[in-house]
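Everything below concerns the one structure shown next.
Every number here is computed from the coordinates shown, using simple stated rules; none is lab data. Note that this is a predicted model, so its numbers are computed, not measured. Here the Cβ positions follow ideal geometry from the backbone for every residue, glycine too, while neighbour counts run over all protein chains shown.
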Amino acid sequence: MSATLNLRIARVLYYLRNAAREACPQGYFVAKRSRLFDWLSDADLVEIETRLGYYNKLTLPFSIPSKSHAISRTSRARSRYYFDFMEAARYFEGDLRVNTLFGDVVDVPEYPTFVKSRPVGDGNENSVLMKLDKFRHFQRVADPLPFLAKQSKLVWRGSANNARRRVVLEQFHDHSLFDVGATGDDAPVDWQKPFLTIGEQLRFRYILSIEGYDVATNLKWIMSSNSLCFSPKPRFETWFMEGRLEAGRHYVEIQDDMADLEEKFRYYEAHPEEAEKIVREAQKYVTQFFNERQEFILSLLVVEKYLHLSGQIHSSAALAILDGAREKGLDDVLASTMVA
């Protein structure tokens, strides 16, 4: 079965699952919420607490602004964003109010708001990350080719929609070691090259990832493959926690002006054992995002923390578990959980 057909089937199943959820009364999900948090007893509380604090950095109570909307009134204009947000939000009463901002978000909102993406760094607390548009952004590829069996070239395809992408196209579109090209007709003709599927790009040892309007969509599937990811330092982040990626451990960092791209390419060609070590660390990093139960617990907690700090939920058993774990000492809690 071709990768294209598999993708089409997965897309159909995605919409069927969400249509089935939509058909159920919201009260059904609300009633199940407390039982779902029982999963915390079997979860990695250290990882849960760390990631919850990363996605939802809010620490102080806040007031919901007038422009907020009820959960039940969340916009359906971007269907995948809507479905992914509601996958967790429907477990809370529909009249509770939230702010959502769907799409490629590169600025921090004025008020605490659920978003897919935000700038990396401090001062982004109002951007509360959710795992949105995950069908597009969270793909785990099957890559049968070992690193050394791949073609020793670097590949990139994409739109020439920002300065960093135009730099790499201008400098390397005809380079003998690289196969980089623009797939749209908004670039000079000599920069344009045919579209390549993910499977076709996986034939290469090195794949370049460059942010577009916000994050680079290909970063996640590159890091799940046997190819080595080259990328400038991420400026934006999503649920993937791009801000936690370590250069030289999870990916090969290149300068924004691409001045060291060829140098880094030749280095890892000469040191394949180092390249393969980074590939293994990248694959390990990606694995955490495909633990479906833990991902769901985290999504629920991100929403619950938002509603709790906004004064709409006055007690939170799930957050109390994490607070208790912090006070008691997470190592002790984990040890007692294992004994139980």
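Residue exposure proxy: H175, H314, ordered by other Cβ atoms within 10 angstrom of their Cβ from fewest to most, comes out as H314, H175.
Legend: ranking of residues C229, C24 from fewest to most surrounding C-beta atoms inside 10 Å; resulting order C24, C229. Axis angle, to the nearest 10 degrees, between helix 163-172 and the longest C-alpha principal axis of the chain: 20 degrees. Rounded to whole numbers, the Karplus 3J(HN,Hα) couplings from phi for segment 105-114 are 9, 10, 10, 8, x, 5, 10, x, 9, 7 Hz, using 6.51 cos²θ - 1.76 cosθ + 1.60 with θ = phi - 60°, and x at Gly and Pro. Under 5 Å from the amide H of V155 lie the amide H atoms of D179, Y206, I207, L208, each residue being 5 or more positions distant or on a separate chain, with H modelled from the backbone and absent for Pro and chain starts.
Within the listed set A43, A182, A19, the residue fluctuating most in the Gaussian network model of the chain (springs between alpha-carbon atoms under 10 angstrom) is A19. What is the helix-to-structure angle for 317-328, meaning the angle in degrees between its Cα long axis and the longest Cα principal axis of the chain, kept from 0 to 90 and rounded to the nearest 10? Long axis of 317-328 versus the principal axis of the chain: about 80 degrees.
Listed values for segment 23-30 are Karplus-derived 3J(HN,Hα) couplings in whole Hz (6.51 cos²θ - 1.76 cosθ + 1.60, θ = phi - 60°), namely 6, 8, x, 5, x, 4, 6, 4, and x replaces Gly and Pro. Where only DSSP H runs of four or more residues are counted, the chain gives -13000 deg cm²/dmol as its mean residue ellipticity at 222 nm, each run worth -39500 (n - 2.57). Residues of the chain were split at every exposed loop site, defined as GluC sites (Glu not before Pro) in a DSSP loop with at most 14 other C-beta atoms within 10 angstrom, and the longest piece left, sites excluded, is 111-245. Highest GNM mean-square fluctuation, the chain, Cα pairs closer than 10 Å: which of L322, L301, L58? Maximum fluctuation in the GNM of the chain, among the listed residues, is at L322. Here the chain carries DSSP beta bridges of which approximately 15% are antiparallel, counting only pairs with both residues inside. Under a Gaussian network description of the chain, with springs only between Cα atoms under 10 Å, the residue in R164, R17, R203 that fluctuates furthest is R17. Fewest neighbouring Cβ atoms within 10 Å first, the residues F62, F289 line up as F62, F289. With θ taken as phi - 60° and the Karplus curve 6.51 cos²θ - 1.76 cosθ + 1.60 applied, the whole-hertz 3J(HN,Hα) list for segment 73-82 is 9, 4, 4, 9, 4, 10, 4, 5, 5, 4 Hz, x standing for glycine and proline.
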